[in-house]
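Notes follow once the structure below has been shown.
Quick note: the coordinates plus some simple rules give every number you see, no bench work behind them. Small disclaimer: the values here were computed from a predicted structure and weren't measured. Please note: Cβ atoms are built from the backbone with ideal geometry, for glycine as well, and neighbour counts cover all protein chains shown.
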Amino acid sequence: MSDRTNTQHVVPVNDVIAHDTSGEPCVCGPTTELVSGPDGDAYIVTHHSLDGREGAEYWRGVSERIIRGNLSAGSDGEDRPDE
């Protein structure tokens, strides 16, 4: 990734590891997205936490929707907000 001059990293705060933003591969397996803007293209590298917070955030959102009563399962078994 060292040839990408306009690269911005989104890194979890207070994670269990120090994420590599030098252009070398990071152990978290970050996702990279090319974003076009008025000042040109940029790569956004989103690092993933290794402490499980994304899973906790997902399930917290599901439980809140269940409590509010606006969650149902779709025909493929995926959870969806009621329309």
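Some points to look at:
- For region 3-51, the share of alpha carbon pairs falling in successive 5 Å distance bins from zero is 5, 22, 30, 20, 12, 8, 3, 0 percent.
- DSSP finds beta bridges in region 1-71, and of those with both partners inside it, around 65 percent are antiparallel.
- Neighbour counts of other Cβ atoms within 10 Å put SER36, SER49 in the fewest-to-most order SER36, SER49.
- The value of relative contact order for region 1-70, using C-alpha pairs under 8 Å at least six residues apart, is 33 percent.
- Test item: Cα-centred dipole of region 1-71, Lys/Arg +1 and Asp/Glu -1 on Cβ, debye: 420
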